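Trainee: I have a structure I would like to understand better, so I am pasting it below and will then ask my questions one at a time.
The values are calculated or read from the model by the stated rules, or taken from the named source; none is laboratory data. Note that the coordinates shown come from a computational prediction; the quantities given were computed from them, not determined experimentally. Cβ placement follows ideal geometry from the backbone for every residue including glycine, while neighbour counts extend to all protein chains displayed. Heavy atoms of the whole protein, side chains included, go into the accessibility calculation; ligands, DNA and RNA do not. Shrake-Rupley method; radii C 1.70, N 1.55, O 1.52, S 1.80 Å.
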Amino acid sequence: MRKPLVTALLALVIAGAGAAPTAAATQRTTPTAAHAPTTAHAPTTAHAPATATAPTLRAVDYAGTVALSNCSGSVVRLPASADTDPALVLTNGHCLETGFPEPGEVIVDQSSSRSFGLLNSAGTRVATLRASKVAYSTMTDTDVTLYQLTRTYAQIKSSYGISALTLNDTHPVAGTAIKVVSGYWKRIYTCAIDGFAYRLKEGDWTWKDSVRYTSACDTIGGTSGSPVVDTATGKVVAVNNTGNEDGERCTENNPCEVDENGTVTVREGINYAEETYGIPACFGAGNKLNLNASGCTLPKP
């Protein structure tokens, strides 16, 4: 969750990617490889892995993703959003321009004029979108920020031919093929959901029921906030946020998994995301936040 400009750029060179942006990258440095857990006990996942028949895969590209000054993100809509609703941008809580929210802190309806570079399917920046406010942001239980934009979905579609990504409203399933799409680096990672961490602890923050990737998604600094897209449905199932880079135990940039019995497992080189299926229940008509709505489980201020 730190902002390692030098290490992120070095990781990009090693990965063989293109020219580096000038902005500082957020999240963590590139893990060198996936390693076995350093404890003898594997975590008990909150949900048992499911084996599904191979679905027809959808093409996943950059359309609808955005580049922030230090992170990645995406223009998203809820299953019940109307085209005339103000559009939302999804990224991480730790990507908030005012700094990391403290443990237990929840920010709602905070004024913001932050700008976002909107990408088309090829990863070309076609527009600058602007926020009107931070609708919601926290690093408690999850790691998410949702910005409300000054433009509607219909206006964005009419001007640039780009549709928002839709948030799935059901829990993701282990074994699902996914892509992590970084608008910051213009890079797409392909892997699968390996399982779920009952609790993911990093420094002072703890997240619930986090998505653990298989090792192929070796995300780097600047990919924080990237949408995690189910390749079978094209819907967003999580938001990329962290990974264990040094094998340390529960420190910043080195999250650990904690199971229901308190057993700690460290997985060096493995990366994680926070589920987004609970977000739709917290927004009503007009994309208005309602943390008291039935079924909404996001933390309240």
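Trainee: Return the only residue of Thr176, Thr140, Thr190, Thr152 being more than 16 Å from Asn240 (Cα to Cα) and polar (S, T, N, Q).
Mentor: None of the others qualify; the one that does is Thr152.
Trainee: Mind checking whether some residue in the range 222-235 is open to solvent by less than 10 Å² (accessible area, probe 1.4 Å), hydroxyl-bearing (Ser, Thr, Tyr) and either assigned to a strand (DSSP E or B) or more than 18 Å from Met139 (Cβ to Cβ) (or both)?
Mentor: There is at least one residue in the range 222-235 that is open to solvent by less than 10 Å² (accessible area, probe 1.4 Å), hydroxyl-bearing (Ser, Thr, Tyr) and either assigned to a strand (DSSP E or B) or more than 18 Å from Met139 (Cβ to Cβ) (or both).
Trainee: Could you say which residue among Thr190, Thr297 is open to solvent by 10 Å² or more (accessible area, probe 1.4 Å), assigned to a loop (DSSP other than H, G, I, E, B) and among the hydroxyl-bearing types (Ser, Thr, Tyr)?
Mentor: One residue alone meets the criteria, Thr297.
Trainee: Scan the range 265-279 for residues that are open to solvent by 20 Å² or more (accessible area, probe 1.4 Å) and either modelled with pLDDT under 95 or not in a loop (DSSP other than H, G, I, E, B) (or both) and jot them down.
Mentor: Hit for the range 265-279 is Glu275, nothing else.
Trainee: A further question on this structure: So how many residues does the range 87-101 have that are part of a loop (DSSP other than H, G, I, E, B) and open to solvent by less than 20 Å² (accessible area, probe 1.4 Å)?
Mentor: The qualifying residues number 3.
Trainee: Does Gly104 satisfy the criteria of being surrounded by fewer than 20 Cβ atoms within 10 Å (Cβ to Cβ) and closer than 20 Å to Asn240 by Cα? Give the steps one after another, and end with the answer.
Mentor: Values: surrounded by fewer than 20 Cβ atoms within 10 Å (Cβ to Cβ): yes; closer than 20 Å to Asn240 by Cα: no.
No: the conditions fail for Gly104.
Trainee: Considering only residues that are touching a residue at least 12 places away in the same chain (Cβ under 8 Å) and out of contact with any Cys (no Cβ under 9 Å at 6 or more places or on another chain), which ones fall in the range 252-269?
Mentor: Glu252, Asn253, Asn254, Pro255, Glu257, Asp259, Glu260, Asn261, Thr263, Glu268, Gly269 - these are the residues of the range 252-269 that are touching a residue at least 12 places away in the same chain (Cβ under 8 Å) and out of contact with any Cys (no Cβ under 9 Å at 6 or more places or on another chain).
Trainee: Looking at the range 236-248, which of its residues are farther than 12 Å from Tyr272 by Cα, touching a residue at least 40 places away in the same chain (Cβ under 8 Å) and not in a strand (DSSP E or B)?
Mentor: Listed by number, the list holds a single entry, Gly247.
Trainee: Another one. Within the bounds of the range 128-148, is there any residue that is more than 30 Å from Pro103 (Cα to Cα), within 21 Å of the chain's Cα centre (by Cα), of a type in the set (Val, Ile, Thr) and surrounded by fewer than 20 Cβ atoms within 10 Å (Cβ to Cβ)?
Mentor: Scanning the range 128-148, I find at least one residue that is more than 30 Å from Pro103 (Cα to Cα), within 21 Å of the chain's Cα centre (by Cα), of a type in the set (Val, Ile, Thr) and surrounded by fewer than 20 Cβ atoms within 10 Å (Cβ to Cβ), so the answer is yes.
Trainee: Out of curiosity, is Asn271 touching a strand residue (DSSP E or B) at 6+ places or on another chain (Cβ under 8 Å), closer than 29 Å to Arg77 by Cα and of a type outside the set (Phe, Trp, Tyr)?
Mentor: So Asn271 passes the test.
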